[in-house]
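Enquirer: The structure under discussion is supplied below as structure tokens; questions concerning it will follow.
The values are calculated or read from the model by the stated rules, or taken from the named source; none is laboratory data. Bear in mind that the values here come from a model prediction, so they are computed numbers and not experimental data. Note: ideal-geometry Cβ built from the backbone for every residue, glycine included; neighbour counts use all protein chains shown. Only protein heavy atoms, including side chains, enter the accessible area calculation; ligands, DNA and RNA are left aside. Shrake-Rupley method; radii C 1.70, N 1.55, O 1.52, S 1.80 Å.
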Amino acid sequence: MRKYPVFWFYILAFSISWIGMVSAALGSHRIAPFDNPYFQLLSIFYAIGPALAAVIVSRVANGEKGVQDLDKELMQWRVGLVWYIVAVLGPVVLFIAAQVITKLLGFSVTIAGLQGDLSPYVIFGFAINFFGNTCEEIGWRGFALPRLQKRYNALLATLIVGILWGFWHLPLVFLVGNPMSEYPFLWFIIIVADAFIYTWIYNSTKGSILLVALFHGSGNIFGAFITGVSPVAYALVNCVVAIILIAVFGSANLSRRQRVCKE
């Protein structure tokens, strides 16, 4: 782990998370014994996998300081008001743009929103979802990205993170009712394109895990309420934004600041 921390991080992140993902997918098809509620508790591993992997490898490779660095980035909130606006409202702009394109080009819409449902169960679901998003970002952006940016430029590092992030979702393709099961390739493209937006926020905020977690959580929440969005249109919007970020900020840092690097 000390010699190849990124490699071992991904091995652990996939292994831990897929315990939960695979059991949930099998349970959704009513395959015994995974349809039992007790087995569904394994889904917690899906949420905590990336964070747990990051903590384990950081502790082994860099000792207590490695774990402290993750905590420091997670609590890094002094980044300027504009970045909170980007993190919270940025997803709204993306979804509305995709909604407009969906209507203009007549794309089909297959994903239904919650249509204003704010029941206690939905709110609890969002809280759990946000916890899972934060655990993801501790791993993808807090651990993997800065170490890859030490070896490669921001563009290549982001492409690696984005592709592996996309493949990490693979078991969800087999989860009954999950949007990814209908258009897996489109969602893979969306995830990879999204990774460039996340890198831009991460590097621009000097490595704030908190801000990318806010962006991630906001995207999931607003995506549930903003209806009339085609996956094709959403993929198009995210790809265009990723290309603009690369063109404006350059492949070296994907930010006006120096890219964040870690040993």
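Enquirer: Could you say whether any residue in segment 207-217 is touching an Asp or Glu at 6+ places or on another chain (Cβ under 6 Å) and not in a helix (DSSP H, G or I)?
Expert: Checking segment 207-217: at least one residue is touching an Asp or Glu at 6+ places or on another chain (Cβ under 6 Å) and not in a helix (DSSP H, G or I).
Enquirer: Related question: Within segment 196-215, does at least one residue satisfy the condition of being open to solvent by less than 20 Å² (accessible area, probe 1.4 Å), closer than 30 Å to residue 103 by Cβ and among the hydroxyl-bearing types (Ser, Thr, Tyr)?
Expert: Within segment 196-215, one or more residues are open to solvent by less than 20 Å² (accessible area, probe 1.4 Å), closer than 30 Å to residue 103 by Cβ and among the hydroxyl-bearing types (Ser, Thr, Tyr).
Enquirer: Please give the number of the condition residue 262 fails out of (1) open to solvent by 20 Å² or more (accessible area, probe 1.4 Å); (2) assigned to a helix (DSSP H, G or I); (3) modelled with pLDDT under 95.
Expert: (2)
Enquirer: Which pairs turn up if I take residues in segment 69-82 that are within 16 Å of residue 213 (Cα to Cα) and look for partners that are among the hydroxyl-bearing types (Ser, Thr, Tyr) with beta carbon separation below 7 Å, at least 6 apart in sequence or on another chain?
Expert: 70/58; 73/208; 76/208; 79/205; 79/208
Enquirer: Follow-up. Scan segment 59-89 for residues that are among the small types (Gly, Ala, Ser) and either open to solvent by 30 Å² or more (accessible area, probe 1.4 Å) or over 20 Å from the mean Cα position of the chain (by Cα) (or both) and jot them down.
Expert: Answer for segment 59-89, where residues must be among the small types (Gly, Ala, Ser) and either open to solvent by 30 Å² or more (accessible area, probe 1.4 Å) or over 20 Å from the mean Cα position of the chain (by Cα) (or both): 61, 63, 66, 80.
Enquirer: Here is a list: 156, 175, 164. Which entry is at pLDDT 95 or above, under 27 Å from residue 40 (Cα atoms) and open to solvent by 20 Å² or more (accessible area, probe 1.4 Å)?
Expert: 164
Enquirer: Here is a further query. Residues in segment 240-248: is at least one open to solvent by less than 30 Å² (accessible area, probe 1.4 Å), of a type outside the set (D, E, K, R) and outside any helix (DSSP H, G or I)?
Expert: No, segment 240-248 contains no residue that is open to solvent by less than 30 Å² (accessible area, probe 1.4 Å), of a type outside the set (D, E, K, R) and outside any helix (DSSP H, G or I).
Enquirer: Continuing with the same structure: Are any residues in segment 181-195 under 26 Å from residue 90 (Cβ atoms), open to solvent by 30 Å² or more (accessible area, probe 1.4 Å), in a helix (DSSP H, G or I) and of a type outside the set (Phe, Trp, Tyr), and if so, which ones?
Expert: 184, 186, 189
Enquirer: Please work out which residue is surrounded by the most Cβ atoms within 10 Å (Cβ to Cβ), limiting yourself to segment 10-47 and to residues that are out of contact with any Ser or Thr (no Cβ under 9 Å at 6 or more places or on another chain) and polar (S, T, N, Q).
Expert: 17
Enquirer: Further question: Could you list, in sequence order, the residues of segment 218-254 that are polar (S, T, N, Q), out of contact with any Lys or Arg (no Cβ under 6 Å at 6 or more places or on another chain) and closer than 30 Å to residue 1 by Cα?
Expert: Passing the criteria: only 251.
Enquirer: Related question: Exactly one condition in (1) at pLDDT 95 or above; (2) assigned to a helix (DSSP H, G or I); (3) not basic (Lys, Arg) is false for residue 255; which is it?
Expert: (2)
Enquirer: List the residue pairs whose Cβ atoms are under 6 Å apart, where the first residue sits in segment 196-207 and is at pLDDT below 95, the second is acidic (Asp, Glu) and surrounded by fewer than 23 Cβ atoms within 10 Å (Cβ to Cβ), and the two are 6 or more positions apart or on different chains.
Expert: none
Enquirer: Please specify each residue of segment 163-195 satisfying the condition of being within 13 Å of residue 238 (Cα to Cα) and in contact (Cβ under 8 Å) with a residue 24 or more places away in the chain.
Expert: 186, 187, 189, 190, 191, 192, 193, 194, 195
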